[in-house]
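The values are calculated or read from the model by the stated rules, or taken from the named source; none is laboratory data. Not measured: the values here are computed from a predicted model. We place every Cβ from the backbone using ideal geometry, glycine too, and count neighbours over all the protein chains shown.
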Amino acid sequence: MSVGQAIPTIVGEPPDGDLQQRFLYEMLLIRRFEEKCAEMYTRGKIRGFLHLYTGEEACAVGAINALRADDKIVTHYRDHGHALARGVEANRIMAELFARVGGTNQGRGGSMHIFDVDRNFLGGYAIVAGHMPIAAGLGLAANLSGEDWAALCIFGDGGVGEGEFHEALNLAAIWKLPVVWFCENNGYGMGVPFDDSLANDVYKIAASYQMPSVRIDGMDVLEVYSATQLALAHVREGNGPYFIEALTYRYRGHSMADPELYRTKAEVEEYRKRDAIQRLKRSMTADGLMDEASYEALVAQVDAEVDEAVAYADASPEPGLHTLYDHITKEYEGDSG
Amino acid sequence: MTEMRMRDAIREAMREEMLRDERVFLMGEDIGAYGGSYACTRGLLDEFGPERVRDTPISESGIVGAGVGAALAGFIPMVEIMTINFSLVALDQIVNNASKLHYMSGGQVNVPLVLRMASGGGSQLGATHSHSLEGMFAHFPGLTVVCPAFPGDAKGLLKRSFREPNPVVFIEHTALYGARGEVPDDPDHLVEFGRAATVRSGKDVTLVGYSGSVHQCYRAADMLAAEHGLTADVIDLRTIRPLDMSSVIRSVRRTNRAVVVEDDWKFGGFAGEIAAQIMERAFDWLDAPVARVAGKDVPMPYNRNLEYAALPSEEDVVEAVLAML
Ligand SMILES: Cc1ncc(C[n+]2csc(CCOP(=O)(O)OP(=O)(O)O)c2C)c(N)n1
Ligand SMILES: [Mg+2]
């Protein structure tokens, strides 16, 4: 781990056995959910662009578990894992991917645009870095309201080259906004390695906006969790934004359409050896929190949940054609104040 | 009623809405101490303080996006974009986020955001600073596009914009900021969207405009009456999305002729939309093809004579009417 201005160390209580159990469960759920999505895509049940998150589970689970319920999240299009980690039901996410009325967005959003307002999950955004100014606006709202909730903004390394990244970081810095910027650096923006697209390391670019900026191991859920806790404590105290660059890796192609001509199988295998799920399983086993039998039981539980999600999605009807024009604008209800 | 200039009516609307609803706040480049590039926010910083009248860096995409974010979190932000020309670098936020989030989320979130911007040429500012892009914004489902021509309407429409649960693009013509007119004092005076105003009545032709072009239509109607003994209906659309076509159609069915006037480029412009809808709904009533009087299809030249030639004028409108008789 290399560092920018601040060194993340474990803050507060280290995650206890129950919390670690939950991390393992959520990472497994994301892993198996995504693998099922790939299968459903090849069977034609899921259409459009499908970006899978396998390999990166520790980022979503570590970062999002550090949040409070009233904190708000915006993220990029590789968003199923984030939604699952936030507690959005697998059923409703799968139904959205199947484009059904039982989906989170009633089939209007699709894989890249999952919303669940009840969980303060304010969207997956498919224009690279396009949601970053929105995160600044959420932070501004938190400050204007005088409340101490924060915004978590998740994005990829590809976003760093966009102007909106820089505008948003600058706004957050000058206005001291409670935003945790969380960059999932998975090494590539589609097929381009990030060091071919950026003039400097991500966390160093961010540090130049005068905020604490750290680079962490994004394949270690415990490190992600504690780094995000530290970041949240910092932003909640009115100190302004905080930047985390989490080094991670995606096991599958950029999307289901990716022939993966830009990397070798050996490289993927190398990263699989650092797999976040296996790593946590190992450390929990060493600490006496897990054994093979209970792990198998967890896998079975997760698989049942994923199968149930597919069944739910399949049973959910398609939106009626008469709903085509629904929700273009919200109804004006007169001057209710 | 009080007589005031357009810019004062706009300021009064913002002021009243800020007093009425504490969720309303303003941000933009130089809207604070400077008072706004067109002086629309002058005095508001002193009255409401820097939290609610927020100067921003020159980051159009950033501040419009921040407006979207604050709107998602329950505020009613007004973002002033210095001029419509600079909205082009914020289009991602306006088009991809503000206009679509309600639909895309299946109705879960909405974006009560007011974007004010100054539009129009005629000041020899050259090609990058003389755009009229009202029609471009009207193209996007999910946006409301307001284009007032008179101070009274500007106030009522802007106040109405602050109460709208969806994004509103409120476009002010730079040539009209100093124009005077009667403005209702009632703080509850709102002008509803999608209702055109017939600002002058006649029987020989229907002249349709919005924002600055309403005044060209009005002057052309004067000339037609004085010099040619013809009378014109002049319709001020006031909002171009939603669009009150019924008022236009009713008029055209009576006058049997229509000229649509706008500053924007003719090719692919909003006037073409109105002409097409007239054709669809009043074809049998037309005695002549619908005419469009619009900006010439060139980047705006700096030279005064060339710029004048590139913009539509009341003489062009008169000429178009005479050509269809
Ligand atoms: C503004 C914009 N440009 C290009 C694209 C096409 N595109 C989609 S994802 C992507 C790569 C983004 O990489 P990164 O931000 O690192 O995220 P990752 O896919 O690696 O998670 C590109 C170029 C886009 N969606 N938006
Ligand atoms: Mg990437």
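If I filter region A:159-170 down to residues being under 20 Å from the mean Cα position of the chain (by Cα) and facing another protein chain (nearest Cβ under 8 Å), which single residue comes out as farthest from ligand 1 (Cβ to nearest atom)?
Applying the filter and picking the extreme gives A:Ala168.
Just the residues that are outside any helix (DSSP H, G or I) and within 7 Å of chain A (Cβ to nearest Cβ), please, taken from region B:59-93.
Answer for region B:59-93, where residues must be outside any helix (DSSP H, G or I) and within 7 Å of chain A (Cβ to nearest Cβ): B:Ser59, B:Ala73, B:Gly74, B:Phe75.
Return only the number of the condition from (1) within 14 Å of chain B (Cβ to nearest Cβ); (2) crowded, with 23+ Cβ neighbours inside 10 Å; (3) of a type in the set (Gly, Ala, Ser) that A:Ala173 does not satisfy.
Checking A:Ala173 against (1) within 14 Å of chain B (Cβ to nearest Cβ); (2) crowded, with 23+ Cβ neighbours inside 10 Å; (3) of a type in the set (Gly, Ala, Ser), the one that fails is (2).
Could you run through region B:17-28 and say how many residues are surrounded by fewer than 20 Cβ atoms within 10 Å (Cβ to Cβ) and within 11 Å of B:Lys159 (Cβ to Cβ)?
Number satisfying all stated conditions: 2.
If I ask for residues that are in a strand (DSSP E or B), of a type outside the set (Val, Ile, Thr) and more than 18 Å from B:Val169 (Cβ to Cβ), which ones from region B:224-246 would you list?
Once the filter is applied, which keeps residues that are in a strand (DSSP E or B), of a type outside the set (Val, Ile, Thr) and more than 18 Å from B:Val169 (Cβ to Cβ), region B:224-246 yields B:Ala232, B:Asp233.
Of the residues B:Gly152, B:Gly194, B:Gly126, B:Gly209, which is crowded, with 20+ Cβ neighbours inside 10 Å and closer than 27 Å to B:Val95 by Cβ?
B:Gly209
Looking for something farther than 25 Å from B:His129 by Cβ and either in a helix (DSSP H, G or I) or not assigned by TED's automatic domain parsing to the domain that holds B:Ser123 (or both) - is there at least one such residue anywhere in region B:290-302?
Yes, that holds for at least one residue.
So B:Arg11 fits all but one of (1) under 20 Å from B:Lys155 (Cβ atoms); (2) buried (at least 24 other Cβ atoms within 10 Å of the Cβ); (3) not polar (S, T, N, Q); what number is the exception?
(2)
Can you tell me how many residues within region A:206-243 are more than 22 Å from A:Leu19 (Cα to Cα) and aliphatic (A, V, I, L, M)?
Residues that pass the stated criteria total 5.
Are any of the residues in region B:74-89 more than 30 Å from B:Gln108 (Cα to Cα) and of a type in the set (Asp, Glu)?
no
Suppose we keep only residues that are facing another protein chain (nearest Cβ under 9 Å) and surrounded by fewer than 20 Cβ atoms within 10 Å (Cβ to Cβ) within region B:165-189. Which one would you say is modelled with the highest pLDDT?
Only one residue tops the list, namely B:Pro165.
To keep it simple, each residue is scored yes or no on (1) within 16 Å of ligand 2 (Cβ to nearest atom); (2) surrounded by fewer than 20 Cβ atoms within 10 Å (Cβ to Cβ).
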{"residue": "A:Gly191", "(1), (2)": "yes, yes"}
{"residue": "A:Tyr203", "(1), (2)": "yes, no"}
{"residue": "A:Ser208", "(1), (2)": "no, yes"}
{"residue": "A:Val214", "(1), (2)": "no, no"}
{"residue": "A:Asp220", "(1), (2)": "no, no"}
{"residue": "A:Asn239", "(1), (2)": "no, yes"}
{"residue": "A:Ser255", "(1), (2)": "yes, yes"}
{"residue": "A:Lys265", "(1), (2)": "no, yes"}
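Sort out which residues of region A:121-140 are more than 16 Å from ligand 2 (Cβ to nearest atom) and either of a type in the set (Phe, Trp, Tyr) or touching a residue at least 60 places away in the same chain (Cβ under 8 Å) (or both), and write them in order of number.
Result: A:Phe121, A:Ile134, A:Ala135, A:Leu138, A:Gly139.
Can you go through A:Ala141, A:Ala99, A:Ala129 and tell me which one is of a type outside the set (Ser, Thr, Tyr), touching a Gly at 6+ places or on another chain (Cβ under 8 Å) and not in a loop (DSSP other than H, G, I, E, B)?
A:Ala141
Only one of these conditions is not met by B:Gly36: (1) in a loop (DSSP other than H, G, I, E, B); (2) more than 22 Å from the chain's Cα centre (by Cα). Which number is it?
It fails just one condition, (2).
Any residue that is closer than 16 Å to A:Val101 by Cβ and in a helix (DSSP H, G or I) - is there at least one of those in region A:290-308?
No, region A:290-308 contains no residue that is closer than 16 Å to A:Val101 by Cβ and in a helix (DSSP H, G or I).
What is the one condition in (1) more than 16 Å from ligand 1 (Cβ to nearest atom); (2) more than 8 Å from chain B (Cβ to nearest Cβ); (3) touching a residue at least 60 places away in the same chain (Cβ under 8 Å); (4) part of a helix (DSSP H, G or I) that A:Asp118 does not satisfy?
The failed condition is (3).
Filter region A:176-209 down to the residues that are of a type outside the set (Ser, Thr, Tyr), outside any strand (DSSP E or B) and within 14 Å of chain B (Cβ to nearest Cβ), then identify the one that is nearest to ligand 1 (Cβ to nearest atom).
Only one residue tops the list, namely A:Leu177.
So which of B:Phe48, B:Phe25, B:Phe86 is among the aromatic types (Phe, Trp, Tyr) and under 15 Å from A:Trp175 (Cβ atoms)?
Checking each option against the conditions leaves just B:Phe25.
Would you pick out the residues in region A:52-66 that are assigned to a loop (DSSP other than H, G, I, E, B) and either small (Gly, Ala, Ser) or surrounded by fewer than 24 Cβ atoms within 10 Å (Cβ to Cβ) (or both)?
Once the filter is applied, which keeps residues that are assigned to a loop (DSSP other than H, G, I, E, B) and either small (Gly, Ala, Ser) or surrounded by fewer than 24 Cβ atoms within 10 Å (Cβ to Cβ) (or both), region A:52-66 yields A:Thr54, A:Gly55, A:Ala66.
What tally of residues in region B:14-36 results from selecting those that are away from chain A (no Cβ under 14 Å) and in contact with a Gly (Cβ under 9 Å, 6 or more places away or on another chain)?
Count: 4.
Inspect region A:220-242 for any residue being within 15 Å of ligand 1 (Cβ to nearest atom) and either touching a Gly at 6+ places or on another chain (Cβ under 9 Å) or more than 29 Å from A:Lys36 (Cβ to Cβ) (or both) and give the result as yes or no.
no
Filter region A:102-114 down to the residues that are touching a helix residue (DSSP H, G or I) at 6+ places or on another chain (Cβ under 7 Å) and outside any loop (DSSP other than H, G, I, E, B), then identify the one that is nearest to A:Ala311 (Cα to Cα).
Selected residue: A:Ser111.
What is the residue count in region B:47-58 for residues that are in a loop (DSSP other than H, G, I, E, B) and more than 11 Å from chain A (Cβ to nearest Cβ)?
Total meeting the criteria: 1.
Search region A:141-158 for residues being within 14 Å of ligand 1 (Cβ to nearest atom) and over 18 Å from A:Leu198 (Cα atoms), and hand back the single one that is surrounded by the most Cβ atoms within 10 Å (Cβ to Cβ).
Of everything passing the filter in region A:141-158, A:Cys153 is surrounded by the most Cβ atoms within 10 Å (Cβ to Cβ).
Restrict the check to region B:81-92 and report whether at least one residue is touching a strand residue (DSSP E or B) at 6+ places or on another chain (Cβ under 6 Å), surrounded by 24 or more Cβ atoms within 10 Å (Cβ to Cβ) and free of Cβ contacts under 8 Å to residues at least 40 places away in the same chain.
No, every residue in region B:81-92 fails to be touching a strand residue (DSSP E or B) at 6+ places or on another chain (Cβ under 6 Å), surrounded by 24 or more Cβ atoms within 10 Å (Cβ to Cβ) and free of Cβ contacts under 8 Å to residues at least 40 places away in the same chain.
Evaluate the following for A:Gly102: is it surrounded by fewer than 22 Cβ atoms within 10 Å (Cβ to Cβ), away from ligand 1 (no atom under 12 Å from the Cβ) and more than 9 Å from chain B (Cβ to nearest Cβ)?
For A:Gly102, the condition - surrounded by fewer than 22 Cβ atoms within 10 Å (Cβ to Cβ), away from ligand 1 (no atom under 12 Å from the Cβ) and more than 9 Å from chain B (Cβ to nearest Cβ) - is met.
Identify, from the list A:Leu261, A:Leu289, the residue that is loosely packed, with under 13 Cβ neighbours inside 10 Å, hydrophobic (A, V, I, L, M, F, W, C) and in contact (Cβ under 8 Å) with a residue 24 or more places away in the chain.
A:Leu261
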